[in-house]
Amino acid sequence: SDVCSSDLLASVEAFTRSNMSVTAASHKLLVHIIQAEGLHHMNHFTGDHPYVVCEVQHTDNRAERSRVETKPVTEGDTLNPLWNEMLELENWQVGENLEITVYDKGLLGSKTEGKMLMPSDFFFPHGFNGMVAIPGLPNSKLHMTVQIMGGVQAGGSAAAPMTTCEAPPMTNAAPTVM
């Protein structure tokens with residue numbers, strides 16, 4: 001909602017003004033990929049084996065790549081897969097976005113179900129817990145959480161408290177929170 005977005009933006013701006021040194025600090029993101037709903041059947045011969053890749057879009061192109069992925073779901077309802085996997089992304093810095101891609105692993109490679117870019121202001125400083133629409137797949141959603149770990153303030157090591165928000169559908173450029 002607009003209220004949640006404006007509250008989050010105000011929180012980020014106030015936090016940034018009071019903690020200008022935070023931008024140089026490196027943090028760990030804990031990304032909990034819970035479940036997807038409404039994926040499409042893409043691999044007709046081998047069956048569907050969906051998995052999710054999360055990657056930090058570093059602002060410094062010399063930075064070491066930060067990329068993690070879930071295990072492919074091979075059994076059960078693969079169009080509404082349940083991963084329930086906690087992934088750790090190292091070397092995230094304030095202002096860096098998170099790219100989330102849902103793939104379907106096939107015999108000769110993987111096909112992209114959908115890809116979204118989650119701007120850092122969706123999860124910084126309070127984290128994120130919600131459903132994001134998967135661009136290109138009508139009525140599809142990915143349930144996930146994002147937490148920031150490590151010294152947001154000097155000497156701090158606890159995760160920032162998490163905020164749950166609802167926002168409009170995501171596009172290829174920006175996430176939709178449902």
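The values are calculated or read from the model by the stated rules, or taken from the named source; none is laboratory data. These numbers were taken from a predicted model, which means no experiment stands behind them. Backbone-built Cβ (ideal geometry, glycine too); neighbour counts: all protein chains shown. With ligands, DNA and RNA removed, areas are computed over all heavy atoms of the protein, side chains included. Shrake-Rupley method; radii C 1.70, N 1.55, O 1.52, S 1.80 Å.
Where in segment 37-82 are there trypsin sites (Lys or Arg not before Pro) that are in a DSSP coil and have at most 12 other Cβ atoms within 10 angstrom of their Cβ?
Passing both the DSSP loop test and the Cβ count: R62, R65.
Highest mean first, how do 99-108, 71-80 rank when packing is the count of other Cβ atoms within 10 Å averaged over residues?
Averaged packing, sorted descending, gives the order 99-108, 71-80.
Keeping all protein chains in position, work out how much accessible area E88 exposes to a 1.4 Å probe, and write it in Å² to the nearest 10.
The accessible area comes out at roughly 90 Å².
Accessible area of T46, 1.4 Å probe, to the nearest 10 Å²?
50 Å²
Explain nothing, just the number: relative contact order of segment 25-100, from Cα pairs under 8 Å at least 6 residues apart, as a whole percent.
Answer for segment 25-100 is 48 percent.
Taking the Cβ of Y51 as the center, what net charge do the other residues with Cβ under 11 Å away carry, scoring Lys and Arg +1 and Asp and Glu -1?
-3
Which whole-number percent gives the relative contact order of segment 19-151, counting Cα pairs below 8 Å spaced six or more residues apart?
34 percent
How much net charge surrounds E113 when only other residues with a Cβ under 10 Å from its Cβ are counted (Lys, Arg +1; Asp, Glu -1)? Could the numbers behind the result be given before it?
Details: positive: K111, K115; negative: D48, D104.
Every neighbour counted, the sum reads 0.
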